[in-house]
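Input: a single structure, listed below in structure tokens.
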Amino acid sequence: LETSLKAPGAPDELRQRLENGSSAFAAKSRSLETPLELLSAALSDYRTLVQILYDEGYFSPVVNIRLDGKEAANIDPLNTPSSVNAIDITVKTGPIFRFGQADISPVTPETVIPDTYAVGQTAKTGAIRDAASAAVDAWHDAGHPKADIGSQNIRAQHANAPLNAAIAVAPGPKLTFGKM
């Protein structure tokens, strides 16, 4: 089995993350041998590789995974080929997205939103998660144990690559200890 991963223009560190995250790229070392195992690995990679790209701020990627020249997504799992000799993965990252909007509210006066979640910063999914966690944790610390994310509106505009994120926190009621 020959495997290759091409990511033209991607930084070496990102390329390494894609290789490390790819089940299909690691098929040989994981002893995946049957065509169905290889197809399953390739199919799971679409989601995995796109998530890695989102984590790095690339919100308009194109991922192609070909088994012997055929796109894995177009292969019928109930009618797999009799053998697979080559897996070729090609990733086009597209542009890096930056936050055009990075709103979160309501927050407590003590809430410290990470600097990574701010207009102009690279729009990484981890930055959104960290900001949401910081806001919810601050509400918990302020006596609102049922605080959670109420809603989120995240939009990627592919024309000029801003990612607009607005997170609404639902603090829930403030609770106090009763008679002990």
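The values are calculated or read from the model by the stated rules, or taken from the named source; none is laboratory data. Please read these numbers as outputs of a predicted model, since none were measured by experiment. Counting neighbours? That spans all protein chains shown, and the Cβs are built from the backbone with ideal geometry, glycine included. All accessible areas refer to the heavy atoms of the entire protein, side chains included, with ligands and DNA or RNA removed. Shrake-Rupley method; radii C 1.70, N 1.55, O 1.52, S 1.80 Å.
Using only helices, what value at 222 nm comes out for the chain when you add -39,500 (n - 2.57) per DSSP H run of length 4 or more and divide by the total residues, to the nearest 500 deg cm²/dmol? Estimated from H runs of four or more residues: -9000 deg cm²/dmol.
Just one of (1) 14.6, 41; (2) 21.3, 71; (3) 16.3, 57 is Rg and Dmax of the Cα atoms in Å calculated from these coordinates, so which is it? Here the calculated entry is (2). Simple spin-label estimate for K179 and Y46 gives 6.2 nm between the two label positions (7 Å along the Cα-to-Cβ direction from each Cα). May I ask for log10 I(q)/I(0) of the range 1-63 at q = 0.12 Å⁻¹, from a Debye sum over the Cα atoms as equal point scatterers with solvent left out? Evaluating at q = 0.12 Å⁻¹ gives log10 I(q)/I(0) of -0.29.
Taking the 1.4 Å solvent-accessible surface of the chain as the whole, the part contributed by carbon and sulfur is 50%. Taken per residue, the accessible surface of the chain reaches 57 Å², heavy atoms only and a 1.4 Å probe. For the chain, the membrane-span-like helix rule (DSSP H, alpha carbon extent of at least 18 Å along the helix axis, mean Kyte-Doolittle at least -0.5) picks out 35-55, 125-141; this says nothing about an actual membrane.
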